[in-house]
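Participant: Dumping the structure here so I can ask a few things about it.
The values are calculated or read from the model by the stated rules, or taken from the named source; none is laboratory data. Since the model is a prediction, treat every value here as computed from it, not as a measurement. Cβ placement follows ideal geometry from the backbone for every residue including glycine, while neighbour counts extend to all protein chains displayed.
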Amino acid sequence: MTVVALVGFVTTLDNTIVAAAAPSIGRELGLGLTTLQWVGIAYMLPYAGLLLAAGAVIDRLGRRRVLLTGCAVFAAGALLGGVARSAELLLVARASQGVAAAFIVPGTLSLIRTELPEPRRPIAIAVWTAALAGALALGPWLGGALAEHLHWSWIFLSNLPFVGAVWLILARTSRVEGARTGAPVRLGATALVTASLVLLTASVVTSGGVVSAVLLGGAGLLGLFAFVGWERRAAVPLIPARLWRNRAFLGANVLVLLWGLGISGVVFFTPLLYQDFLGMGPEAAGLPLVVVAGAVVCATPFVPAVTRMLGPHRAVCLGLLVLAGGLAQLAVVNDETTMASRLVGLVLAGTGSAFTAPITGQALERAGEDDSGTASGVLTASRELSSAFGVALIGIVLTSVRAGEIAGGVAPGPALGTGYAAGLVVAAVLQLAGAALALVVLRPLPAAPPALSKECEGT
């Protein structure tokens, strides 16, 4: 559980911590806005693109070998990022971390299914979810604080103690696994699905305009369609057909997408709103998200007990309803210029997010131990893609409403606030849809009837 929490925290933190420190990096290295955007994109693209292939590789080659190598590459990328003083070295460092994260995240997540007894798995899933939410919320504030009080290089160097601890724990405790020679890694399918996911992710983070986004997205979709057709004819598919036929597993991925589409965009734009509308500084603007992280941590110990009492489908439904309520409350008070009125919504958002943990647990349980690496890779890919698309979706809503308000004579600050409120409403609606879906796809399987004994059969 320590390994799972540390890896989840560090790899998610690297997605958000750079944003607040980007101006400091740009000033010192003389980088323009486009290059600064690629400091984040260089991590996101290989991370999202390699996840599906990474899960399959883990299942075929063994977790211990892949995890130890991945941790070493991630640490090397962090060290290179800390000492880099040119755009080229910094982008190489970020890409290296993204590649490594694609392997170590599903690898450590699959440990929950393979290394822990069943009664402890819900607790581990809750801890993992708390680590992710905490990193998502703390990233903007922590990046601003490190850049303001120390130096932006510590954003990368601070990864080293965490990754070092993970490597030592894995080296001392994980089982040695042999390669599964009967299930070879299909390099062609791996390259195709990776390129397709990279193109799809690039379509929503590109700054090249609508035409570039459409071309990249179209190419990514065509690649995915070709991958699906290839998988159907393959003797040993990269993603087993039994996972595609698993209702709970597919439903869990849809729930992850809905959650990420709503919450990721809101988290991304919250510091911007608090700076431009409420007049906070970069570090202070990230503090409200710390309230969300605190609520997640405080609610996490209650998740396993509530899940046992209500069932995973009702627990997740309840969590998404609470999250939707928190987002709606933030939208209602958005015109106010004080933080106190927003605290209730922030606490509800964090509490509700904590109760989405059973989504991952149910997906891994239904997938089975043999497919735990692949299933973890698919789930993590859904989360990463939903983050990118969530920023794009909420961004479209926010900028469209803001532009309309400014055209109507509203000042830029209040116009941004109105656009942010509209984004909150869209995010809340997505969570309500997820709550309804959770009741259907996460419903526990009916218990199998007891088998008759031979004596009973004879009578």
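Participant: Within the set of pairs 6 or more residues apart or between chains, which connect a residue that is in a helix (DSSP H, G or I) inside segment 44-56 to a residue that is buried (at least 24 other Cβ atoms within 10 Å of the Cβ) and of a type in the set (Phe, Trp, Tyr) with Cβ atoms less than 7 Å apart?
Facilitator: Note: pairs meeting the criteria are 54/103.
Participant: Further question: Name the single residue, out of those in segment 298-345 being in a helix (DSSP H, G or I) and of a type in the set (Ser, Thr, Tyr), that is farthest from residue 263 (Cα to Cα). Outline the logic, then answer.
Facilitator: Residues of segment 298-345 that are in a helix (DSSP H, G or I), as a first pass: 298-310, 312-332, 340-345.
This time we only want the ones that are of a type in the set (Ser, Thr, Tyr), so: 300, 307, 341.
Details: 300: 18, 307: 22, 341: 20 Å.
Filtering segment 298-345 for residues that are in a helix (DSSP H, G or I) and of a type in the set (Ser, Thr, Tyr), the one farthest from residue 263 (Cα to Cα) comes out as 307.
Participant: Then there's this: Can you tell me how many residues in segment 91-140 are within 19 Å of residue 78 (Cα to Cα), surrounded by fewer than 24 Cβ atoms within 10 Å (Cβ to Cβ) and without any contact (Cβ under 8 Å) to a residue 60 or more places away in the chain?
Facilitator: Number satisfying all stated conditions: 5.
Participant: Right, here's the next one. Determine whether residue 195 is assigned to a helix (DSSP H, G or I), at pLDDT 80 or above and under 18 Å from residue 95 (Cα atoms).
Facilitator: Here the answer is yes, as residue 195 does meet what is asked.
Participant: Taking the options 52, 90, name whichever one is within 30 Å of residue 118 (Cα to Cα) and in contact with a helix residue (DSSP H, G or I) (Cβ under 8 Å, 6 or more places away or on another chain).
Facilitator: 52
Residue-wise test of (1) acidic (Asp, Glu); (2) at pLDDT 80 or above; (3) outside the structural domain of residue 201 (by TED's automatic domain parsing).
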position	(1), (2), (3)
355	no, yes, yes
367	no, no, yes
371	yes, no, yes
381	no, no, yes
405	yes, yes, yes
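Participant: Only one residue in 340, 293 is at pLDDT below 90, more than 19 Å from residue 419 (Cβ to Cβ) and buried (at least 19 other Cβ atoms within 10 Å of the Cβ). Which one?
Facilitator: Testing whether each residue is at pLDDT below 90, more than 19 Å from residue 419 (Cβ to Cβ) and buried (at least 19 other Cβ atoms within 10 Å of the Cβ) leaves just 293.
Participant: Sticking with this structure for a sec: From the list 250, 168, 221, 238, which residue is of a type in the set (A, V, I, L, M), in contact with a Ser or Thr (Cβ under 9 Å, 6 or more places away or on another chain) and modelled with pLDDT of 75 or more?
Facilitator: Only one candidate qualifies: 221.
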